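To keep things clear, I will list the structure first and then write my remarks on it.
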Amino acid sequence: MSSAADRQDERPDSEALARLVAEVADAKKAEDVVALDVRELVGYTDFLVICTARNERQAKAIHEEVHQRLKQDHGVLPATVEGESEASWVLMDYLDCILHVFVPELRERYRLEVLWGEAPRLELGVQPVRGSA
């Protein structure tokens, strides 16, 4: 078994990191997972991954799974995590990629996809909309 230090050279590039974060969130049943390529728009990150959790409990589960998988599989930890105690909007900053996990009300309020509407979307292997009836 390799240690986290041994895996530092395995750190995914920014696009691979965004895809990995999206896949992990999707595996935890996040809804409406999107990844926006903001490299041409901002200097502080390359990708924004945005998803919806049905409730705070699921938002915490998504946060915990992303944290654990990236740490365990790639030795990567977020530079900052905000909102994990309230869990209505959890932000995980991996520098090259930022994950936003929203409960439905806050995703609708902040509408980051509209705010960053000019950003190209990555084609992801996840379902863009789930559970809509």
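The values are calculated or read from the model by the stated rules, or taken from the named source; none is laboratory data. No experiment lies behind these values; they were computed from the predicted model shown. Positions of Cβ are backbone-derived with ideal geometry, glycine not excepted, and every protein chain shown enters the neighbour counts. Quick note on the areas: whole protein, heavy atoms, side chains included, nothing else; ligands and nucleic acids left out. Shrake-Rupley method; radii C 1.70, N 1.55, O 1.52, S 1.80 Å.
State in Å² the accessible area per residue of the chain; use a 1.4 Å probe, count heavy atoms of protein chains only, and round to the nearest integer. Could you put the intermediate results ahead of the total?
Working: 7350 Å² over 133 residues.
In whole numbers, the chain has 55 Å² accessible per residue.
Shown in residue order for segment 80-96 are the 3J(HN,Hα) couplings computed by the Karplus curve 6.51 cos²θ - 1.76 cosθ + 1.60 at θ = phi - 60°: 8, 10, 10, x, 5, 6, 7, 6, 8, 8, 9, 10, 10, 9, 9, 6, 6 Hz (x for Gly and Pro).
When the dipole is taken about the Cα centre of the chain, and only Lys, Arg (+1) and Asp, Glu (-1) are charged at their Cβ, what size is it in debye, to the nearest 20? Each step should come with its number before you reach the end.
Numbers: 16 positive and 26 negative charges, 91 e Å.
Here the chain has a charge dipole of around 440 debye.
Would you mind giving the three semi-axes, in whole Å and largest first, of the ellipsoid equivalent to the chain according to its Cα gyration tensor? Write out the running numbers ahead of the final one.
Values: eigenvalues 101, 61, 36 Å².
In descending order, the three semi-axes are 22, 18, 13 Å.
Segment LYS29..ALA16, full-extension length gain: 2.7 nm, with 0.36 nm per residue of separation and the alpha-carbon distance subtracted.
Segment VAL81..LEU106, full-extension length gain: 7.3 nm, with 0.36 nm per residue of separation and the alpha-carbon distance subtracted.
So if I place +1 on the C-beta of Lys and Arg and -1 on the C-beta of Asp and Glu, and nothing else carries charge, what would the dipole magnitude of segment 26-73 be about its Cα centre? I want it in debye, nearest 20. Please report the intermediate quantities before stating the final value.
Working: 8 positive and 10 negative charges, 57 e Å.
I would put it at about 280 debye.
What whole number of Å gives the distance from the Cα centroid of segment 34-59 to the Cα centroid of segment 70-112? Each part's Cα centre sits 7 Å from the other's. For LEU122, neighbours were defined as the other residues whose beta-carbon sits under 12 Å from its Cβ, and their charges (Lys and Arg +1, Asp and Glu -1) total -2.
Remark: spin-label model distance ARG39-ASP73 equals 2.1 nm, labels positioned 7 Å along the Cα→Cβ axis.
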